[in-house]
Structure formats: C-alpha cells, structure tokens
Amino acid sequence: MNYLTINGGKRLSGRVQISGAKNSALKLMAASLLGHGTTVLTNVPRISDVFTMIEVLQRLGAGVSFEDNTLRIDTSGEISTIAPYDLVRRMRASINVLGPLLARSGHARVAMPGGCNIGNRTIDMHEAGLTQLGVRFTFDHGYLEGIADRLVGKKLVLDFPSRGATENLMTAAVLAEGVTVIENAAREPDIVDLASFLNAMGAQVWGAGTSTIEITGVGRMSSTEYQVSADPIEAGTFALAVLATGGDAELAGAQPETMEIFLEKLALSGAEWAPTESGIRVKCERRPRAVDFATLPYPGFPTDLQPQMMAFLVSAEGTSIVTENVFENRFAHTQELVRMGADIRTEGHHAVIRGVPGLQGAPVKGSDLRAGAALVVAALGAEGTTEVHDFHHVERGYEDFAGKLRSLGADVELMVETTSLQV
C-alpha cells in the first residue's frame, strides 16, 4: 500500500501534460476485441486500471504489448468468451467486454464488475438493451452469461443516459443485422471517442455526442490505429490543484470544448482560464468565491470532478451548495476534509460547504479514485503536512500523479506503507 505525503502551501506553476483519458482508453481496449488483427492505441495512460484491462484481454486470448504510451492488441487468434472474477472484480470497466464478445462470438460469460464503492451501479440497462438485440441471459454464481444466435438491430430507449449501457449496446450493435437506434444515449466525450474508434475499424455509427445514436451493422470489423483523446477529468483535477494553491499553470493537451460547464463554474469562483495553443491556462490570484453546482450526465457538471471541486470550495468565501445527482455514495470524502478543518454538512444528496480561511494538514484516507484526488487537492492548499493513505485508488486513474505535481512545484513524496507488529 502506498501513501502520499504533501507539504502544503507551495504555489503551483508551470506546464503539465494531460494524459490520455482513462474512460476512453479502457473502452477502446475492450472494443478492440471486435477486430481481427493488431490494433494500435497511442496516448494510453500508464495507470493501474489499464494494466488490469491488459490482464483481462490477455486472459481472453489477446496478445498485448505496452511500450511507453503505445498499446498493441492482437486479436487475430482464438478469443475466449469468459472474463473471470479475479480480474473483473477490480474494475467496473471490465464489463465493457460484454458487448464485443457477444458481437464477435455470440457468447459471453462475465463476472459482475467491481470498482469504486460510490453507489448503486447495476447493469440492468445493459442486460435489457442487449436482450432486445437478441441475447438470452442467465445469472449463475456471480456470472452473467449471454448467448446470441444472431443479433438484430432494434430501437432502444435507455431509462437513464448510462455511459456503460450506451457503450455495450454500441459495441454489440456494430455487428448486428440491420439498424440499431439508441435513444437517451450518453453523450460524454468518451462515447464520441468510442464511436470514432469503431468507425475507424469499419463500423457505421452516427450521432455520438447527441442523445440519439444510430448504428448500421456491418459484417466484419478490422484492426486500426487510434489516438486516445486527452482526459478532461485529469485536466479538471490539475486545474483545481493549481487553483487551490493560488497558482498559474498551463494544462497541455486539455480540450476546453469537453469541459465547458466545469470551466464556467471556475469562472464564477473568480478563477481565470484561457485557451492556449496547446491546451488551457488557469490561474487564481485571490481567495475563491462560493459556487453552487449539481452533477448531471454530460454535458452537465461531471460527477468525477465533484469531490475535487468540493476540495477547492472548502476555502472559498461564502457558502456553496453541492447536489450529487449521479451516485448516492459520493460524499465519502467529506469527513476526511472535515478532519482537515473544512466545514461541510451533508444530507441525502446535498452538501453545504461553509468556506473557511484555510485547511490544516492531517492524516486522511481516500475511499475511492476521485475522493483520493480530492484530498490531494485540499492538501496542496493546506498548512502543514498531509498524508493521503490508500493512494492506490488514485493510481487507478492518474498517470504519475506525484511526478506531475512535483513538476509544477509541489512538495510531495510517494511513500510505502509499513506495518509494525508489537508483541
């Protein structure tokens, strides 16, 4: 187990390179199972979730090599259709192999997924939509098993714009007979990235980025080469880390068009941002103002930036009200922020933040990926030393987080947890 020590109060400045998007890379890796040959993905972040997905693909029979940030996935051989529990339990994105396996082989046996404990994340919509396409499902000893003699396109209406359901339905429909229409589809940038990737493999997908996606099935998919887009969540996290210290930095590779409502909220707080030739520049020369925000599916404020935004606002002037509309258990980080001196009250899916002049370093524990990142943001602007324990959660989604922070002037060090026995 690793933990991160942060000596706060260091103003961050300079330039940091934003990595490829975690949420895109994992879905493209799963979708590579649809092709026959070697798919090359570039700008892939070197994070633990990517290495877990590599293990999943290898267990399914794909040949995988990963050098620097380039990933090569060879699916020309025989592909197994069983994704085992010992791997899938580590990461929810593993469920994304369900659609490609059903489309390619007509069979999939996938363990129910794990991942961050941030609320109810069932796969009912995945199952319901795939059933309409012709899949017969059974559930047995923790595994969901699907069989499809043939997939036939249909009009599908999602109860909620679920990213995971949209992705699995897209990857199944690309090899289905006829036309599939997904209404109330997710609109996130990684959905657009997935559609572009599928089209590069020979699929016919239109409308990604809108609430209606139309897919005309094709007979066969080929391998391709594709660059993973920059991660808007990493960009937002680094923006808040810089601003929490009153800093000024450029986020190279960040794409402002994928972060519009987040950037609007930053501006309301008094922070400044501007596009540059290679990304976005952010700075904050005063104590931020309180801001109210509510998380919603894209293009709303992203739930994956809610904890980090809260960590920034705990030191703002005035009172901020945060409403979490996506996951019911996404306020676990608040008690850790309170340990650092924050004034936060939660009730149901609302949080009230009364800004304090500053935070104090303390030992804290990250309960999930984004909660851990939020504690780092808070610690960077706090007085004294903070230890963020269970840092392995953060390493699931951020490439060389400590190193990138140091490049901006942060005083951070990654430590190895030790346990001493007393007799």
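Pick out the one residue from Ala382, Ala351, Ala373 that is touching a Phe, Trp or Tyr at 6+ places or on another chain (Cβ under 8 Å), small (Gly, Ala, Ser), closer than 22 Å to Leu243 by Cα and in contact (Cβ under 8 Å) with a residue 60 or more places away in the chain.
Every option except Ala373 fails the conditions.
Which residues, counting only those in the range 311-335, are in contact with a His (Cβ under 7 Å, 6 or more places away or on another chain) and touching a residue at least 40 places away in the same chain (Cβ under 8 Å)?
Hit for the range 311-335 is Glu328, nothing else.
Going by the structure shown, is Gly270 in the same structural domain as Ala402 (by TED's automatic domain parsing), closer than 24 Å to Lys10 by Cβ, without any contact (Cβ under 8 Å) to a residue 24 or more places away in the chain and not in a strand (DSSP E or B)?
yes
So which of Leu71, Leu57, Leu102, Leu87 is modelled with pLDDT under 95 and hydrophobic (A, V, I, L, M, F, W, C)?
Going through Leu71, Leu57, Leu102, Leu87 in turn, the sole match is Leu87.
Going through the range 36-56 one residue at a time, which ones are part of a helix (DSSP H, G or I) and surrounded by fewer than 24 Cβ atoms within 10 Å (Cβ to Cβ)?
If the condition is that a residue be part of a helix (DSSP H, G or I) and surrounded by fewer than 24 Cβ atoms within 10 Å (Cβ to Cβ), then Ser48, Asp49, Phe51, Thr52, Ile54, Glu55 are the ones that fit.
Working only within the range 301-317, note down all residues that are more than 20 Å from Gly397 (Cβ to Cβ) and either out of contact with any strand residue (DSSP E or B) (no Cβ under 6 Å at 6 or more places or on another chain) or aliphatic (A, V, I, L, M) (or both).
Scanning the range 301-317 gives Leu313, Val314, Ser315, Ala316.
Determine whether the range 300-307 contains at least one residue that is touching a Phe, Trp or Tyr at 6+ places or on another chain (Cβ under 8 Å), part of a strand (DSSP E or B) and among the hydroxyl-bearing types (Ser, Thr, Tyr).
no
Looking at Ser162, Ser94, which one is modelled with pLDDT under 95, hydroxyl-bearing (Ser, Thr, Tyr) and in contact with a strand residue (DSSP E or B) (Cβ under 7 Å, 6 or more places away or on another chain)?
Ser94
Condition (residue is polar (S, T, N, Q), at pLDDT 95 or above, more than 25 Å from Gly63 (Cα to Cα) and touching a Ser or Thr at 6+ places or on another chain (Cβ under 6 Å)) applied to the range 204-220: is it met by at least one residue?
Yes; the residues of the range 204-220 include at least one that is polar (S, T, N, Q), at pLDDT 95 or above, more than 25 Å from Gly63 (Cα to Cα) and touching a Ser or Thr at 6+ places or on another chain (Cβ under 6 Å).
From the list Glu257, Glu250, Glu264, exactly one residue is within 18 Å of Asp193 (Cα to Cα), of a type in the set (Asp, Glu) and out of contact with any helix residue (DSSP H, G or I) (no Cβ under 7 Å at 6 or more places or on another chain). Which is it? Reasoning before the result, please.
On the way: Glu250 fails: within 18 Å of Asp193 (Cα to Cα); Glu264 fails: within 18 Å of Asp193 (Cα to Cα).
Among Glu257, Glu250, Glu264, only Glu257 is within 18 Å of Asp193 (Cα to Cα), of a type in the set (Asp, Glu) and out of contact with any helix residue (DSSP H, G or I) (no Cβ under 7 Å at 6 or more places or on another chain).
Could you say which residue among Ala382, Ala351, Ala378, Ala371 is farther than 28 Å from Gly20 by Cα and crowded, with 24+ Cβ neighbours inside 10 Å?
Testing whether each residue is farther than 28 Å from Gly20 by Cα and crowded, with 24+ Cβ neighbours inside 10 Å leaves just Ala382.
Look through Ala254, Ala311 and report the one residue that is at pLDDT 95 or above, of a type in the set (A, V, I, L, M, F, W, C), outside any loop (DSSP other than H, G, I, E, B) and over 27 Å from Asp159 (Cβ atoms). Even if it seems obvious, please write down each step before you answer.
Working: Ala254 fails: outside any loop (DSSP other than H, G, I, E, B).
That would be Ala311, the only listed residue that is at pLDDT 95 or above, of a type in the set (A, V, I, L, M, F, W, C), outside any loop (DSSP other than H, G, I, E, B) and over 27 Å from Asp159 (Cβ atoms).
How many residues does the range 23-50 hold that are closer than 29 Å to Val412 by Cβ and modelled with pLDDT under 95?
Within the range 23-50, residues that are closer than 29 Å to Val412 by Cβ and modelled with pLDDT under 95 number 3.
Do we find a residue being touching a strand residue (DSSP E or B) at 6+ places or on another chain (Cβ under 8 Å), more than 30 Å from Lys365 (Cα to Cα), part of a helix (DSSP H, G or I) and without any contact (Cβ under 8 Å) to a residue 60 or more places away in the chain anywhere in the range 18-35?
Within the range 18-35, one or more residues are touching a strand residue (DSSP E or B) at 6+ places or on another chain (Cβ under 8 Å), more than 30 Å from Lys365 (Cα to Cα), part of a helix (DSSP H, G or I) and without any contact (Cβ under 8 Å) to a residue 60 or more places away in the chain.
Within the range 140-153, is even one residue within 30 Å of Glu257 (Cα to Cα), out of contact with any helix residue (DSSP H, G or I) (no Cβ under 6 Å at 6 or more places or on another chain), crowded, with 19+ Cβ neighbours inside 10 Å and of a type outside the set (Phe, Trp, Tyr)?
Keep residues of the range 140-153 that are within 30 Å of Glu257 (Cα to Cα), which gives none.
No, the range 140-153 contains no residue that is within 30 Å of Glu257 (Cα to Cα), out of contact with any helix residue (DSSP H, G or I) (no Cβ under 6 Å at 6 or more places or on another chain), crowded, with 19+ Cβ neighbours inside 10 Å and of a type outside the set (Phe, Trp, Tyr).
Might you check whether a residue that is surrounded by 23 or more Cβ atoms within 10 Å (Cβ to Cβ), modelled with pLDDT of 95 or more and touching a helix residue (DSSP H, G or I) at 6+ places or on another chain (Cβ under 7 Å) occurs anywhere in the range 119-128? Even if it seems obvious, please write down each step before you answer.
Applying the first criterion (surrounded by 23 or more Cβ atoms within 10 Å (Cβ to Cβ)) to the range 119-128 yields 126.
Those left that are additionally modelled with pLDDT of 95 or more: none.
No, the range 119-128 contains no residue that is surrounded by 23 or more Cβ atoms within 10 Å (Cβ to Cβ), modelled with pLDDT of 95 or more and touching a helix residue (DSSP H, G or I) at 6+ places or on another chain (Cβ under 7 Å).
Among the residues of the range 225-246, write down those that are surrounded by fewer than 24 Cβ atoms within 10 Å (Cβ to Cβ) and part of a loop (DSSP other than H, G, I, E, B).
Ser229, Thr245, Gly246
The values are calculated or read from the model by the stated rules, or taken from the named source; none is laboratory data. This one's a predicted model, so the numbers in the text were calculated from it and none came from an experiment. Backbone-built Cβ (ideal geometry, glycine too); neighbour counts: all protein chains shown.
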